[in-house]
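The values are calculated or read from the model by the stated rules, or taken from the named source; none is laboratory data. Keep in mind the model is a prediction, meaning the values are calculated, not measured. Note: ideal-geometry Cβ built from the backbone for every residue, glycine included; neighbour counts use all protein chains shown. Just the protein is used for accessible areas: all its heavy atoms, side chains included, with ligands, DNA and RNA removed. Shrake-Rupley method; radii C 1.70, N 1.55, O 1.52, S 1.80 Å.
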Amino acid sequence: MTQPGTTPPRPRRAAGCLQSLLVLAVILGLGYGASKIFGNESSDSSSKPSSSSSASDGKGGSWEIGDCGGPDPENKPDGYRAFDCDESGATFEALEIKSASILPNAIQCPAGTDLIIQVSRVFGSDDDKKSGGIPTNTVCGRNLSGDHPGDAGAGGGQLVEGDCVSASAQEIACASAGSDDFKVLGLVKEKDECPAATTEPMQLMMAMGRPYDVICGGKV
């Protein structure tokens, strides 16, 4: 109780908001030892199939399956742009178009995807273009060349059924898999959902947006 003539104590500021922000930052920073973590447009060049890059939305937001694109010479090193498929600058074809997401793990492309590109709509000057623009959708692309690291078992791209992983849940090419490695028989939320042939269900660390938490590993 406050005594007469004294100033009541000031209430302490709750730390809940700050704590929530810190927890979110830690969760977003967690990695896991399975499929590659696809970053935003500022990550490595998509010549590495485990990364994603950015593409300026030169198609007015109308990217469709079957459209083609390639490196943007005016936005190096990670920029991409739309090309006609018969143009010399075209290096990939869109297998699927998905909505943009702030959670890289939430973008799950079909098997055979060699690279993932976040498409941004750009307004104004060249400086605006370099800033990345407004994300509109995501292109799951397949190389027009014969090099397809995203094929099941090839050792690149996102993890899919038919890929191979090491005992530490790192994706590897099936051609180099040994007796201690595993073939991916399924990607599920719970271990009891794995198929009967599973010999090594691998529980993964939490990753926000990823649609599976367990790799069902079987004999190679």
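Apolar share of the accessible surface for segment 76-220: 49 percent from carbon plus sulfur atoms, 1.4 Å probe. What shape does segment 136-220 have by the C-alpha gyration tensor, where a ≥ b ≥ c are the square roots of the eigenvalues, rounded means a/c under 1.5, and otherwise prolate means a/b greater than b/c and oblate the rest? Note, shape of segment 136-220 comes out oblate.
Rounded to the nearest 0.05, what FRET efficiency do Ser101 and Ala197 give with R0 = 41 Å and r taken as the Cβ-Cβ distance? Could you check?
Computed FRET efficiency for Ser101 and Ala197: 0.80.
Annotation for Met205 and Ile134: the two label points, set 7 Å from Cα along the Cα-Cβ direction, are 3.5 nm apart. In the structure shown, the pairs Lys76/Lys219; Lys76/Lys183; Lys76/Lys98; Lys98/Lys219 are assessed against 31 Å; a Cα-Cα span above that value is assigned to Lys76/Lys219; Lys76/Lys183; Lys98/Lys219.
Work out, step by step, the length gained on full extension between Gln170 and Val220: first 0.36 nm times the residue separation, then minus their alpha carbon distance; give nm to one decimal. Mind dumping the intermediate values first?
Numbers: separation 50, 0.36 × 50 = 18.00 nm, distance 1.45 nm.
Additional length available on full extension: 16.6 nm.
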